[in-house]
Amino acid sequence: MYRINPRIKWRWEGDKILLSTFIGMNRIAGEVVELYDKGNEPESVVEAMHKRYPDVLYDKIRSDILAITDQLVTLNIVVSEESEAFEDVPHDPFAMGHIGQYFGNNLTAPVGVACEITARCNARCLHCSIPSTTEDTGELTTDQWKNIIDEMADIKVFGASFTGGEPLVRKDTLDLVKYAHDRGLRVSVATNGYLLDELMIDKLVASGADFFMVSLDGATAETHDTFRGLPGLFEQVKSALQLLVDKKLSVGVISIVTTMNVNEAVDIIDVVKDLGVTRLSLANIRLAGRAAENRYLEPTVEDFTKLLSDLYEKDQKVTGIDVKYPNLPAKLYMESIGTDSYRKVVEQGKIGVCGAGIIGCAISPTGDVKPCDMSGPVSLGNVLKMSLKEVWDTSDVFAHLRTVQVESQIPCRDCQLSHMCLPGCKAQPYQIGEGGNKLLADTTRRQCFDAFRDELMKES
């Protein structure tokens, strides 16, 4: 007897299915998945499919269904009914490209929603998109968040990420985690790690949390604690990460690259690898909230070029850790590691591409829906006044994010390399209100074009 791996969520998208790993499958494969979701033997699935398609030769159906089954088993999507150890299935590293090609960037619901359950925080990070506070400033109540979670489950959102602020300062976080888990959502917690001691970890896991994303923005206590505004945080983060690894829990580390850590960002790899962490994402800063006020935090073109050179060299030597590179313009990669190496990095899926408004969105502590959890004070609609589904389906901003291409952005449309660039932060014009021009590329891409204008400008 086979069934779907409990770690996998799936849903119909028209006549195709989408899995929580971002793999898309056609209708026939979808029907097979649906049958295995109810628990079935391969031969029973063959019989069921033959009844649905009586005009197709039985041997043809049997051959196709068994081939699909073998593929599903190989991908760990379908597992034995008796199996008790369920491995995570890796996410498709080219998810954003496939979502565009296979589903036209037009999903019926988000894949995941970042739930900013509080603006309160015990840190004072220089880049935070939320104006953190120690006070409850009109946050949604427990029941209101549960109503949102109900809708997320009803429209088949796959996962909820509880974030903030610092989500662990809210007294009902465990209750919300359990509620989301019981409604069938995969639950992750994004935290600065300060309150993540062994007791809290055990309570979160017991409530249903199955992934932890912890921030680490320096290879030294001086850098990290200064950036985060919380003395002692660096050592506490290392302690929390060690606990998570020792308990064999799924954990990733995210590091925001700024002028404060750009020269030691590569050393963060050693810090987290020594703790046993196997996933690290280096992300460039998003100019929203405090970061828009502290623009000195954004590294220069020269800073990024050196970082990419050092990062690539380090990544070729290190093993046992998957490092995601910052999403930077193709020209910076080509200047630092060369065109062939850049293509290799892209082909390996090592550069994260933004899915705001395409596969995900965020909900603020007061119920405002926005492109992502780095969007700052942006509202595309409030869940107290309209449903999440309505915002997802009708927002002009979401529609823009789903259709705008690199080649149409300013100044990328004048660049010879625009066809080689991955999309940057397409929501930045909405975040920092730059004259209302929604076609402006993010500031890093504009800086790149300005620095190499003579080389990059298309011939008129």
task: Sort out for me the Cα centre separation of the stretch 254-285 from the stretch 381-458, rounded to whole Å.
output: 26
- prompt: Measuring from label point to label point, each 7 Å out along Cα→Cβ, what is the Arg3 to Phe94 span in nm?
  reply: 3.4
statement: DSSP beta bridges in the chain: the antiparallel percent, rounded to 5, is 30
query: Any idea which of Ser161, Gly276, Ala119 is furthest toward the positive side of the dipole for the stretch 95-394, if Lys and Arg beta-carbons carry +1 and Asp and Glu beta-carbons -1?
result: Ser161
field: Extension gain (nm, one decimal) between Thr259 and Leu439, 0.36 nm per residue minus Cα-Cα
entry: 62.1 nm
query: In terms of the Cα gyration tensor, with a ≥ b ≥ c the square roots of its eigenvalues, is the stretch 265-337 rounded because a/c is under 1.5, prolate because a/b exceeds b/c, or oblate?
result: oblate
task: About the Cα centre of the stretch 404-456, how large is the charge dipole given +1 on each Lys and Arg Cβ and -1 on each Asp and Glu Cβ? Please answer in debye to the nearest 20.
output: 200
- request: Would you work out the charge dipole size for the chain about its Cα centre, treating the Cβ of every Lys and Arg as +1 and the Cβ of every Asp and Glu as -1, and quote it to the nearest 20 debye?
  value: 640
About the Cα centre, charge dipole magnitude for the stretch 2-80 (Lys/Arg +1, Asp/Glu -1 at Cβ), debye: 300
message: Relative contact order of the chain, please, whole-number percent, based on alpha carbon pairs below 8 angstrom and at least 6 residues apart.
response: 13
- line: With the charge dipole of the chain built from beta-carbon charges (+1 for Lys and Arg, -1 for Asp and Glu) about the Cα centre, the Cα from Leu241, Phe212, Val46 projecting farthest to the positive end belongs to Val46
- line: Yeah, the stretch 170-235 with a ≥ b ≥ c from its alpha-carbon gyration tensor (a/c under 1.5 is rounded, else prolate when a/b outruns b/c, oblate otherwise) is prolate
statement: Distance in nm between Thr394 and Glu313 label points, each 7 Å along Cα→Cβ, equals 5.6
query: Tell me, which cysteines of the chain are without a disulfide-compatible partner by the Cβ under 4.7 Å rule?
result: Cys115, Cys121, Cys354, Cys361, Cys372, Cys412, Cys415, Cys421, Cys425, Cys448
statement: Taking 0.36 nm per residue of separation between Lys51 and Asp202 and subtracting their Cα-Cα distance, the length gained on full extension comes to 49.6 nm
task: Describe numerically, in nm with one decimal, the distance between label points set 7 Å from Cα along Cα→Cβ at Val245 and at Asp454.
output: 4.8
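Every number in this text was worked out from the coordinates using simple rules, so none of it is lab data. Quick caveat, the model's predicted, so the values are computed rather than measured. Using ideal geometry, Cβ is built from the backbone for each residue, glycine included, and neighbour counts are taken over all protein chains shown.
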